[in-house]
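The values are calculated or read from the model by the stated rules, or taken from the named source; none is laboratory data. Not measured: the values here are computed from a predicted model. In this analysis, Cβ positions are derived from the backbone assuming ideal geometry, glycine residues included, and neighbour counts consider all displayed protein chains. Heavy atoms of the whole protein, side chains included, go into the accessibility calculation; ligands, DNA and RNA do not. Shrake-Rupley method; radii C 1.70, N 1.55, O 1.52, S 1.80 Å.
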Amino acid sequence: MNRKSHHTSAQSLNIWSFTDNKPGHRNQLQGLVNALSERCAVDCIWLPVEGCFWHRLQDLRKHYKQHAPDLILGAGHTTHKYLLLSRWLFGGKTLVLMKPSFPLSWFDCVLIPEHDGQYRQANVIATRGVINQIKPKQQKNDCKGLFLIGGPSKHYGWNNQHLAQQITTILSVYPDLDWQLTTSRRTPEDFLAHLPRDNKNLTIIPHTECTADWLPQQLSDAGNVWVTEDSVSMIYEALTAGALTGLLEVPVIKSGRVQQGIKTLLQDKLLFHYSDWLKQPAIKPHYAQLNEANRCAELILKDFLL
């Protein structure tokens, strides 16, 4: 029953995008869909995977009658079975973001971050970090700065006082910049209490007060961004935006592939650590020029949708 893709250059690209609605996974999918839509006409249907499997199957049959899929996307392990089932029943080509729980050969295309391993399969596209929907901007506001605060994880610990001291020092070195700071769901509730209250050039916006568009807009404009080292996705988003990106240091609990990816960025001088900046405040990293969503969109249209 496996059918070929229905897409031709004269038609819009029909995309079925399966989502578990986790913000990080949705961000990756949206970034790729946005990049594809800049290169061709796109008709994208978003399909949540929550709920009864058989009810979802009935929904797919309804969508197939209207728009047979050319490209079937998914991010997150719970989406994988839907990609495979949809291709078997309705045709199209499957593309999964991040290493799947099933064999790589089961999918037409797989996008895997370099820090998750090196794969030589022809259907694998290695990405530098995860795909995101940030748009690079050459002209940045050098008078605007941004602090992005994460939180403890299985790889990183936390020290409120030490992190607050790093931020205080940066504020004192750049008193003329207009700084904003936002937190994340992982940020300890008592962290903000450790920040200086008398800094007129610092505005604090807790993550609960940020809209979905807030961070992309701020990253698009800010010329100077500091990210806690645990926040890997935000690090790559800041680099994609074209900002000068520094790492706020937090304790390392366990070294692994995540730390290796950050180490590679540091070796390539795309990032700098707070401790290195403290020795040389005028340090300037190389301009990253990361736009993995656009690069992958071009490869997908050229090599995987024939």
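Restricting the search to the stretch 52-107, which residues are under 30 Å from TYR119 (Cα atoms), among the acidic types (Asp, Glu) and in a helix (DSSP H, G or I)?
First, pick out the residues of the stretch 52-107 that are under 30 Å from TYR119 (Cα atoms): 69-107.
Going one step further and asking which of them are among the acidic types (Asp, Glu), we end up with 70.
None; the set is empty.
Give the residues of the stretch 131-169 that are closer than 21 Å to ASN224 by Cα, in contact with a helix residue (DSSP H, G or I) (Cβ under 8 Å, 6 or more places away or on another chain), at pLDDT below 95 and hydrophobic (A, V, I, L, M, F, W, C), sorted by residue number.
Matches in the stretch 131-169: ILE134 only.
Of the numbered conditions (1) under 30 Å from GLY91 (Cβ atoms); (2) modelled with pLDDT of 80 or more, HIS273 fails exactly one; give the number of that condition.
Going through the list (1) under 30 Å from GLY91 (Cβ atoms); (2) modelled with pLDDT of 80 or more, HIS273 breaks only (1).
Evaluate the stretch 186-193: report whether one residue or more is over 11 Å from THR228 (Cβ atoms) and basic (Lys, Arg). Reasoning before the result, please.
From the stretch 186-193, those over 11 Å from THR228 (Cβ atoms) are 188-190, 192-193; that's our starting set.
In the following step, the residues that additionally are basic (Lys, Arg) were identified as none.
Looking through the stretch 186-193, none of the residues is over 11 Å from THR228 (Cβ atoms) and basic (Lys, Arg).
Anything in the stretch 57-78 that is touching a helix residue (DSSP H, G or I) at 6+ places or on another chain (Cβ under 8 Å) and open to solvent by less than 60 Å² (accessible area, probe 1.4 Å)? List them, or say none.
Once the filter is applied, which keeps residues that are touching a helix residue (DSSP H, G or I) at 6+ places or on another chain (Cβ under 8 Å) and open to solvent by less than 60 Å² (accessible area, probe 1.4 Å), the stretch 57-78 yields LEU57, LEU60, ALA68, PRO69, LEU71, ILE72, LEU73, GLY74, ALA75, GLY76.
Taking GLN139, is it under 30 Å from ASP221 (Cβ atoms), free of Cβ contacts under 8 Å to residues at least 40 places away in the same chain, out of contact with any His (no Cβ under 8 Å at 6 or more places or on another chain) and not small (Gly, Ala, Ser)?
Details: under 30 Å from ASP221 (Cβ atoms): yes; free of Cβ contacts under 8 Å to residues at least 40 places away in the same chain: yes; out of contact with any His (no Cβ under 8 Å at 6 or more places or on another chain): yes; not small (Gly, Ala, Ser): yes.
So GLN139 passes the test.
Condition check: at pLDDT below 90, under 17 Å from GLY157 (Cβ atoms) and not small (Gly, Ala, Ser). Does LYS200 satisfy that?
Working: at pLDDT below 90: yes; under 17 Å from GLY157 (Cβ atoms): no; not small (Gly, Ala, Ser): yes.
Judged against the criteria, LYS200 is not a match.
Only one residue in LEU278, LEU266, LEU301 is over 18 Å from the mean Cα position of the chain (by Cα), over 20 Å from VAL250 (Cβ atoms) and not in a loop (DSSP other than H, G, I, E, B), so which one is that? Walk me through how you get there before you give the answer.
Details: LEU278 fails: over 20 Å from VAL250 (Cβ atoms); LEU266 fails: over 20 Å from VAL250 (Cβ atoms).
Checking each option against the conditions leaves just LEU301.
Check TYR119 against each of (1) open to solvent by less than 40 Å² (accessible area, probe 1.4 Å); (2) free of Cβ contacts under 8 Å to residues at least 40 places away in the same chain; (3) of a type in the set (Ser, Thr, Tyr) and name the one condition it does not meet.
(1)
So, in the stretch 210-223, exactly how many residues are surrounded by 10 or more Cβ atoms within 10 Å (Cβ to Cβ) and part of a loop (DSSP other than H, G, I, E, B)?
Of the residues in the stretch 210-223, the ones surrounded by 10 or more Cβ atoms within 10 Å (Cβ to Cβ) are 210, 212, 214-223.
With part of a loop (DSSP other than H, G, I, E, B) added as a condition, the list becomes 210, 212.
The qualifying residues number 2.
Suppose we filter HIS207, HIS194 for residues that are open to solvent by 40 Å² or more (accessible area, probe 1.4 Å), under 22 Å from TYR156 (Cβ atoms) and touching a helix residue (DSSP H, G or I) at 6+ places or on another chain (Cβ under 7 Å); which single one remains?
Details: HIS207 fails: touching a helix residue (DSSP H, G or I) at 6+ places or on another chain (Cβ under 7 Å).
After ruling out the rest, the residue left standing is HIS194.
Please verify whether GLY256 is under 22 Å from ALA126 (Cβ atoms) and over 18 Å from the mean Cα position of the chain (by Cα), treating the condition exactly as stated.
Values: under 22 Å from ALA126 (Cβ atoms): yes; over 18 Å from the mean Cα position of the chain (by Cα): yes.
Yes: the conditions hold for GLY256.
For the stretch 263-290, what are the residues that are surrounded by fewer than 19 Cβ atoms within 10 Å (Cβ to Cβ), under 25 Å from GLY31 (Cα atoms) and touching a residue at least 60 places away in the same chain (Cβ under 8 Å)?
THR264, GLN289
One line per residue, one yes/no per condition, for (1) assigned to a loop (DSSP other than H, G, I, E, B); (2) touching a Leu at 6+ places or on another chain (Cβ under 7 Å); (3) of a type in the set (A, V, I, L, M, F, W, C); (4) open to solvent by 40 Å² or more (accessible area, probe 1.4 Å):
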position: TRP179; (1), (2), (3), (4): no, yes, yes, no
position: SER184; (1), (2), (3), (4): yes, no, no, no
position: PRO188; (1), (2), (3), (4): yes, no, no, no
position: TRP226; (1), (2), (3), (4): no, yes, yes, no
position: THR240; (1), (2), (3), (4): no, yes, no, no
